Structure formats: C-alpha cells, structure tokens
Amino acid sequence: MTKLDPEIREAINGRHGEAERAGTRKCLMNRRQFLLTGGIATTVIMVSVPGMPEAQTPAAISTYPRKFIAKLSELETDRPMDFEYPDEGPYAESILVKLGREAGGGLGPDRDVVAFNYTCTHQGGSLYGTYQADDKALGPCPLHLTTFDLTRHGIFISGQAYQSLPQVLLELDGDDIFAVGMFGLIYGRFDNLMA
Ligand code: FES
C-alpha cells in the first residue's frame, strides 16, 4: 500500500486532535476538494501557483488501493455481495449492490451499482444483512435504528446517526468492477487507510 503524505491525509480527514475534540469521525474534506481531486487519483501532481513561481502544491491525492470486486455482468438486482475495503482491518466490511434504480455515484449503464461501508456512522453498529430492496436502503441499524439511503450517497433517512454512510468509489474496466477510493470517513478510524 502506498504511504499517504501526512499533509494530504490531514486535508482529507483533518488533524487527529480535531476529530477527537469534535467527537466526530466525519470526513473533513469538503465538496470542492473532493471534486478537485475527483475523489481519488493515482498520482500526486505538483502544480505551480500563478504569481508564486516557487510554490508547488499537491493537486491530487494518491493512496487508495485499486481492488477488484466483481463482474458487472454477474450482479443481480437486489442481490448484495460483501467485500472488504480499503483493507482487511476493522470496520472494512462493505456491501456492493445493484439497486435497479439510478443512484448517486452509481456505476454501469443504468448507474445503479453502488458500494458502501457496512458500519453505522453513529456508534459503529453493523448494518450487515439489513439491505432493504424496496427502499434501496441499509438499516435499520440494530443499535439505534438509523437507516441510510443508498440512492443518495448514503444519507441517513431516520434514526440517531447524523453522518452519511461512507461510499466506496467504484470504477468499471470492461466488465470488471474495482473499488478505487472512499468518500467519507469509516467509523472507528481516524484515517481510512490506517486500520
Ligand atoms: S450505532 Fe447505528 S444508530 Fe446508533
């Protein structure tokens, strides 16, 4: 696994102390930063800042592994499959599912294939086995009943959580689906890449 530059890690997740003091585990990377980086990239590019010829700024983020998850042609609507990402450490359990309905960040010709981390962002309850085909949702969480909408980037629908479920970013290469990054901080981690 590529080692993440501490400054870039901080840009995504904030300082460790910040997260602790705030009592949150949210991703501190804002939407603009996310769009600028495309969520992930494979290299760190150094760019010059106009008017500051000496300055160089990291413009992209490189770190997440590219992991094969499944064949698109083998997925069936509302038949989830499980995998681990970005590693095999704590809280890495994730769900890949073809929703049969267009979704934010959806992959494939129908933009309906999405993946999310299985760990509830409230207090870490496992959402394994809670996929609701009718509502295209995960939940309710067995601890405090939060339910997350998988068509809208994992936003909570009801319950105690106030952070969206971390979404696994997917890439299609022919018929192969790869996990290539994450948007949102996994519960229980101060850095998605440090198990
Ligand atoms: S841990 Fe899931 S709602 Fe509290």
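Every read-out reported here was derived from the displayed coordinates using simple, explicitly stated rules and does not represent laboratory data. Worth saying up front: this structure is predicted, and the values here are computed from it rather than measured. Glycine also receives a Cβ, built like all others from the backbone with ideal geometry; neighbour counts cover every protein chain displayed.
Picking from GLY105, GLY159, GLY125, which residue would you name as being within 25 Å of PHE190 (Cβ to Cβ), away from the ligand (no atom under 13 Å from the Cβ) and crowded, with 18+ Cβ neighbours inside 10 Å? Going through GLY105, GLY159, GLY125 in turn, just one is within 25 Å of PHE190 (Cβ to Cβ), away from the ligand (no atom under 13 Å from the Cβ) and crowded, with 18+ Cβ neighbours inside 10 Å: GLY105. One residue stands out in the range 67-87 among those that are of a type in the set (Asp, Glu) and over 15 Å from the mean Cα position of the chain (by Cα): the one that is nearest to TYR187 (Cα to Cα), namely ASP78. Restrict the check to the range 133-156 and report whether at least one residue is within 17 Å of the chain's Cα centre (by Cα) and touching a residue at least 60 places away in the same chain (Cβ under 8 Å). No - not one qualifying residue is present in the range 133-156.
For LEU96, the criteria (1) aliphatic (A, V, I, L, M); (2) within 13 Å of the ligand (Cβ to nearest atom); (3) closer than 23 Å to TYR64 by Cα hold in every case but one, which is (2).
The residues of the range 134-150 that are away from the ligand (no atom under 11 Å from the Cβ) and in contact with a strand residue (DSSP E or B) (Cβ under 8 Å, 6 or more places away or on another chain), listed by number, are ASP135, LYS136, ALA137, ASP149, LEU150.
Condition first: within 16 Å of the ligand (Cβ to nearest atom) and aliphatic (A, V, I, L, M). Can you find one or more residues in the range 86-93 that meet it? I'd like the intermediate steps shown before the answer.
Taking the range 86-93 first, the residues within 16 Å of the ligand (Cβ to nearest atom) are 90-91, 93.
With aliphatic (A, V, I, L, M) added as a condition, the list becomes none.
Among the residues of the range 86-93, not one is within 16 Å of the ligand (Cβ to nearest atom) and aliphatic (A, V, I, L, M), which makes the answer no.
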